[in-house]
Every structure is written in C-alpha cells, then in structure tokens.
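Here's the structure we're looking at; comments come further down.
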Amino acid sequence: MSSSFTAFIESVKGTVRQPGEDGYNLSKWAPNGTKPSKVIVTPAETEDIVKAIKYARSGGLDIAIRGGGHSTSTASATDDLLIDMRNMTRVRVDEANKIGYIQAGARVHDIEVETMKY
C-alpha cells in the first residue's frame, strides 16, 4: 500500500474499501458486478468526495458514482475508484424559498418523507 493511499484512507471520515475487505461487496453497484473496483469510497461528508476525486485524479484513476437508487447499466461501476453515496441521504426543504436540497444518495422514499410535510 503506497504512502499516498494510506494518507488518503486516514483523511477520509467515511470508509475506504478494497477487494477482499469486509463490506466491499455491499458497496458495489451489485454484488455480482462485472467491474470490481480497485477502491470504493463511502463518504461521510462532502469533503470526503473532494478527497476521493483528488486522489483519483492524482493517480489517473477513472471515477464512477453510485447514487442511492438503481442503475441498470454499468454507469455506476468502474474498474478504478467508485464513490458510493448510499450514506449521504439528507433531504432538507427551505419552505420560505420553496427549494429542496437533496444529497446524492437519497432515494425516492427519503425525498417523499421530507417533502410530504409541505
């Protein structure tokens, strides 16, 4: 494991997984996905996403994003670095301005629960 990868892992508040580690298959777009990512990052906060993108760029890695829902194509799969947004599900509504703020891992249910209040 390179020192830059170790520094990256230590800087992320979420999780960073590689093939063979516990939880790796849970983060793939599908357990039987055809593209086993070298690294899967599950961010805990926005800054983790920034760090993952910077790390991928510095190493010339392709990036894919797994949102909260389903992908029937392999658009949310890569051989390199996958950012798994499943834990970023926050939904907030600014009622005064009639604007919703939705994190990338939110599913329809998450959105409906919050927006049905308005």
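The values are calculated or read from the model by the stated rules, or taken from the named source; none is laboratory data. Fair warning: this is a prediction, and the values are worked out from it, not measured in the lab. Every residue, glycine among them, receives a Cβ derived from its backbone with ideal geometry; neighbour counts consider all protein chains shown. Protein only, heavy atoms only, side chains kept; ligands, DNA and RNA dropped before computing areas. Shrake-Rupley method; radii C 1.70, N 1.55, O 1.52, S 1.80 Å.
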Exercise. Once phi is turned into ³J(HN,Hα) by the Karplus curve 6.51 cos²θ - 1.76 cosθ + 1.60 with θ = phi - 60°, what whole-Hz value does each residue of the stretch 82-99 show in order, with x for glycine and proline?
Worked result: 10, 9, 9, 8, 3, 8, 9, 10, 5, 10, 9, 10, 8, 4, 4, 9, 6, 10
For this session: Summarise the accessible area of the chain (1.4 Å probe, protein heavy atoms) by the percent that is carbon and sulfur.
Result: 51 percent
For this session: At a temperature of 25 °C and a viscosity of 0.890 mPa s, determine how fast the chain diffuses translationally according to Stokes-Einstein, using the Kirkwood radius over alpha-carbon pairs as Rh; express D in µm²/s, rounded to the nearest whole number.
Result: 162 µm²/s
Seminar exercise, completed: Per residue, accessible area of the chain with a 1.4 Å probe, heavy atoms of protein chains only, in Å², comes to 62 Å²
Exercise. Can you give the relative contact order of the chain as a percent, counting alpha carbon pairs under 8 Å and 6+ residues apart?
Worked result: 22 percent
For this session: Between beta-carbons, use under 15 Å as the cut-off and find the net charge around residue 50, counting Lys and Arg +1, Asp and Glu -1.
Result: +1
